[in-house]
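J.: Pasting in a structure now, in structure tokens, and then I'll have a few things to ask.
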Amino acid sequence: MSSNMMQHVATLEAGEDRTMVLNMGPQHPSTHGVLRLLLEIDGETIVKIVPDIGFLHTGIEKTYEAKFYQQCVPLADRMDYLAPFSNELGFCLAVEKLLGLDIPKRATWMRVLLTELTRINSHLVWLGTHAMDIGAMTVFLYCFREREELLKIFEAIGGQRMFTSYFRVGGLAMEAPLDWFSRTKKFIDTFPEKIDEYEGLLTGNPIWQQRTKGVAQISAEDVIKLGGSGPILRASGVDFDLRRDMPYCGYENFQFNVPTHKDGDVWARYVVRVAELRESQKICKQALEGMPEGTIRADAPKIVLPDREKMKTQMEALIYHFKIVTEGFTVPPGDVYQAIESPRGEIGFYIVSNGTANPYRVHVRAPSFANLALLPAMCEGKLIADVVAAIGSIDIVLGDVDR
Amino acid sequence: MALEPAITDIETLKEHPALATLLGWRAESVQGVKWDRNELAIFVQRESFREACALLRDNAKFNFLADITCVDWYPSEPRFEVVYNLLSISNKERVRLKVKLDGSDPNIESLVSLWPGANYFEREVFDLFGIRFNGHPNLRRILMPDDWEGHPLRKDYPVEGYR
């Protein structure tokens with residue numbers, strides 16, 4: 001513990017004789033990674049809560065400045081490791097906006113399909129771990145059963161289970177393997193029954209209801225002031241979803257509802273996220289059924305790697321390949337802010353280009369980082385046992401918080 | 001979509017609600033504008049920045065502070081460009097505010113009193129760029145260790161760090 005933090009604890013301790021300071025984390029299993037909380041408590045009541053973050057800070061934004069644009073995509077995966085496709089999508093869309101590049105329809109629809117699958121994946125991990133934190137062990141096993149199949153689907157298409165790096169600036173890495181669509185369809189078709197199972201375990205469960213209803217409540221006004229986004233915002237009654245309200249990547253072609261809830265407590269966030277699972281399933285179904293034929297790469301030979309076949313037969317393709325791999329591609333000067341709706345809320349990529357092959361500056365507006373600021377507002381004055389429920393309901397990923 | 005050249009003429013863009021609000025309030029607070037790739041960026045005078053934000057929040061419905069970050073244009077001056085992304089949830093619209101700061105003593109008014117959510121973002125910018133936010137209640141490092149020296153995202157800070 002550094003000296004400043006010691007001082008900080010000291011000021012907490014010097015406050016009142018009645019209170020004591022309790023350290024929670026960073027190795028506490030229910031902090032979902034390495035979140036450290038300093039709790040000033042008065043008996044069982046929390047007086048003050050101070051999150052201490054930065055344990056996973058790896059300087060990704062600095063590293064970006066030394067990479068080519070395409071090399072940034074795998075790094076984007078590693079921030080929010082539960083929703084890799086959302087990060088990749090945000091980054092690729094931002095660079096494509098800088099380039100003024102049009103993406104073929106099939107690639108767009110594949111992106112929507114995969115991003116929604118990643119939302120399901122992320123929400124499943126959230127539901128499983130959140131329920132386990134509160135004491136419902138079984139749900140975890142059910143959720144991870146489906147997540148395992150999803151990870152296999154990701155592995156089949158991207159070659160890796162979690163850090164897929166499948167999206168490319170200008171399209172996708174490669175076509176999906178032969179049986180991939182039927183396998184995904186099978187998963188999507190059976191998934192609603194699985195959601196019923198989770199709900200059967202939790203929704204009517206009186207212990208679950210008592211641990212979540214009225215706990216860690218926060219008003220819509222406070223969420224907006226504190227910069228909260230995503231399911232938390234919607235669970236407090238604000239009907240706002242970037243996919244519907246500021247569409248990107250062809251989301252305007254899909255029909256889905258935006259679930260909201262007015263209570264703003266842990267229960268409301270549970271209801272909203274479970275409803276989002278169902279909506280994502282619907283979007284995946286529409287994407288699968290309406291999947292357009294055609295190419296998956298934009299027609300931009302200086303940016304997108306050529307086919308292997310062409311490289312063997314055409315001189316230009318070989319030259320372009322060599323140039324892109326060794327020198328990257330240049331991006332016209334300018335700056336863009338591209339925000340998308342990740343499972344955790346608004347993830348925004350602010351990219352500044354100075355006309356070279358490396359980004360001049362990349363900033364990531366990480367949803368977990370912003371949402372973590374809601375924790376003190378949710379917990380202060382409440383019971384210590386509810387902190388765990390509150391953390392789970394915010395659904396933070398510490399890789400995303402610290403970057 | 002082919003890229004269109006950026007528009008930097010205030011007259012052409014004055015219909016945009018954010019810009020109209022600021023121009024109607026204090027025309028000299030707007031130092032420049034840029035409409036590029038369907039995004040509006042306004043360069044705001046440093047002195048009237050906090051009031052401009054309050055005005056945008058209350059009168060132009062830009063009620064959500066999505067992000068605060070910074071760009072270092074070392075070695076040119078003014079060196080820093082603090083970037084604020086505002087979102088209007090009801091109008092579904094974004095605007096980007098930028099403030100230029102000198103490299104010698106970069107400091108700017110904090111927005112925590114307007115949006116408590118600015119707290120973490122400003123601490124992050126302070127931590128990684130060394131920009132002071134006047135009036136911030138708890139301006140400490142947030143991602144780097146407290147005893148760290150230097151501000152890693154500055155351009156004169158080597159990628160591999162000091163060894």
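So that you can scan it fast, the table gives a plain yes or no per residue for (1) touching a His at 6+ places or on another chain (Cβ under 7 Å); (2) facing chain A (nearest Cβ under 10 Å); (3) surrounded by fewer than 21 Cβ atoms within 10 Å (Cβ to Cβ):
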residue: B:V83; (1), (2), (3): no, yes, no
residue: B:E93; (1), (2), (3): no, yes, yes
residue: B:R96; (1), (2), (3): no, yes, no
residue: B:L101; (1), (2), (3): no, no, yes
residue: B:N107; (1), (2), (3): no, no, yes
residue: B:F126; (1), (2), (3): no, no, no
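J.: So which residues in region B:8-21 are aliphatic (A, V, I, L, M) and at pLDDT 80 or above?
T.: Selection gives B:A18, B:L19, B:A20.
J.: Another question, if that's okay. Return the total of residues in region A:278-323 being of a type outside the set (G, A, S) and part of a helix (DSSP H, G or I).
T.: 24
J.: Looking at (1) surrounded by fewer than 17 Cβ atoms within 10 Å (Cβ to Cβ); (2) among the small types (G, A, S); (3) more than 14 Å from every other protein chain (Cβ to nearest Cβ), which is the one condition that is false for A:G33?
T.: Going through (1) surrounded by fewer than 17 Cβ atoms within 10 Å (Cβ to Cβ); (2) among the small types (G, A, S); (3) more than 14 Å from every other protein chain (Cβ to nearest Cβ) one by one, A:G33 breaks only (1).
J.: Continuing with the same structure: Within region A:153-271, which helices (runs of 4 or more DSSP H) (wholly inside it) include 3 or more residues that are closer than 20 Å to A:I120 by Cβ?
T.: Answer list for region A:153-271: A:180-202, A:231-235, A:242-245.
J.: Taking interchain pairs and intrachain pairs at least six residues apart, which have beta carbon atoms under 6 angstrom, with the first residue in region A:28-41 and more than 19 Å from A:F369 (Cβ to Cβ) and the second assigned to a helix (DSSP H, G or I) and among the charged types (D, E, K, R)?
T.: Going by the 6 Å Cβ cut-off, the qualifying pairs are A:S30/A:D133.
J.: Taking the condition more than 8 Å from chain A (Cβ to nearest Cβ), assigned to a loop (DSSP other than H, G, I, E, B) and aromatic (F, W, Y), does B:Y162 pass?
T.: When the stated conditions are applied, B:Y162 passes them.
J.: Touching a strand residue (DSSP E or B) at 6+ places or on another chain (Cβ under 8 Å) and either buried (at least 21 other Cβ atoms within 10 Å of the Cβ) or in a helix (DSSP H, G or I) (or both) - does that describe any residue in region A:134-143?
T.: Checking region A:134-143: not a single residue is touching a strand residue (DSSP E or B) at 6+ places or on another chain (Cβ under 8 Å) and either buried (at least 21 other Cβ atoms within 10 Å of the Cβ) or in a helix (DSSP H, G or I) (or both).
J.: Quickly run through region A:47-96 and pick out the residues that are touching a residue at least 40 places away in the same chain (Cβ under 8 Å) and β-branched (V, I, T).
T.: Of everything in region A:47-96, those that are touching a residue at least 40 places away in the same chain (Cβ under 8 Å) and β-branched (V, I, T) turn out to be A:V47, A:I49, A:V50, A:I53, A:T58, A:I60, A:V73, A:V95.
J.: Restricting to region B:47-71, count the residues that are touching a Lys or Arg at 6+ places or on another chain (Cβ under 8 Å), assigned to a loop (DSSP other than H, G, I, E, B) and closer than 13 Å to B:L97 by Cα.
T.: Residues that pass the stated criteria total 1.
J.: Yes or no: B:D156 more than 10 Å from chain A (Cβ to nearest Cβ) and farther than 17 Å from A:G227 by Cβ?
T.: For B:D156, the condition - more than 10 Å from chain A (Cβ to nearest Cβ) and farther than 17 Å from A:G227 by Cβ - is met.
J.: Further, regarding this structure: Could you list, in sequence order, the residues of region B:1-18 that are surrounded by 14 or more Cβ atoms within 10 Å (Cβ to Cβ) and closer than 18 Å to B:N91 by Cβ?
T.: B:L13, B:K14, B:H16, B:P17, B:A18, listed by residue number.
J.: If you don't mind, another one. Is it true that B:T21 is surrounded by 15 or more Cβ atoms within 10 Å (Cβ to Cβ) and either in contact with a helix residue (DSSP H, G or I) (Cβ under 8 Å, 6 or more places away or on another chain) or outside any loop (DSSP other than H, G, I, E, B) (or both)?
T.: yes
J.: Still on this model: Could you please give the count of residues in region A:263-274 that are at pLDDT below 90 and surrounded by fewer than 21 Cβ atoms within 10 Å (Cβ to Cβ)?
T.: Selection size over region A:263-274: 1.
J.: Would you mention how many residues in region B:25-55 are away from every other protein chain (no Cβ under 14 Å) and under 20 Å from B:N91 (Cβ atoms)?
T.: Looking only at that region, the number is 5.
J.: Just wondering, is there one or more residues in region B:117-124 that are farther than 21 Å from A:R36 by Cα, of a type in the set (F, W, Y), more than 7 Å from chain A (Cβ to nearest Cβ) and out of contact with any helix residue (DSSP H, G or I) (no Cβ under 6 Å at 6 or more places or on another chain)?
T.: no
J.: For B:L40, all conditions in the list (1) part of a strand (DSSP E or B); (2) more than 30 Å from B:G130 (Cβ to Cβ) hold save one; what is the number of the exception?
T.: Every condition holds for B:L40 apart from (2).
J.: In region A:206-226, is there at least one residue being crowded, with 17+ Cβ neighbours inside 10 Å, closer than 19 Å to A:R273 by Cβ and within 11 Å of chain B (Cβ to nearest Cβ)?
T.: Checking region A:206-226: at least one residue is crowded, with 17+ Cβ neighbours inside 10 Å, closer than 19 Å to A:R273 by Cβ and within 11 Å of chain B (Cβ to nearest Cβ).
The values are calculated or read from the model by the stated rules, or taken from the named source; none is laboratory data. Everything numeric here is computed off the predicted structure, so don't read it as measured data. Quick reminder, even Gly has a Cβ in these numbers, built from the backbone with ideal geometry, and neighbours come from all protein chains shown.
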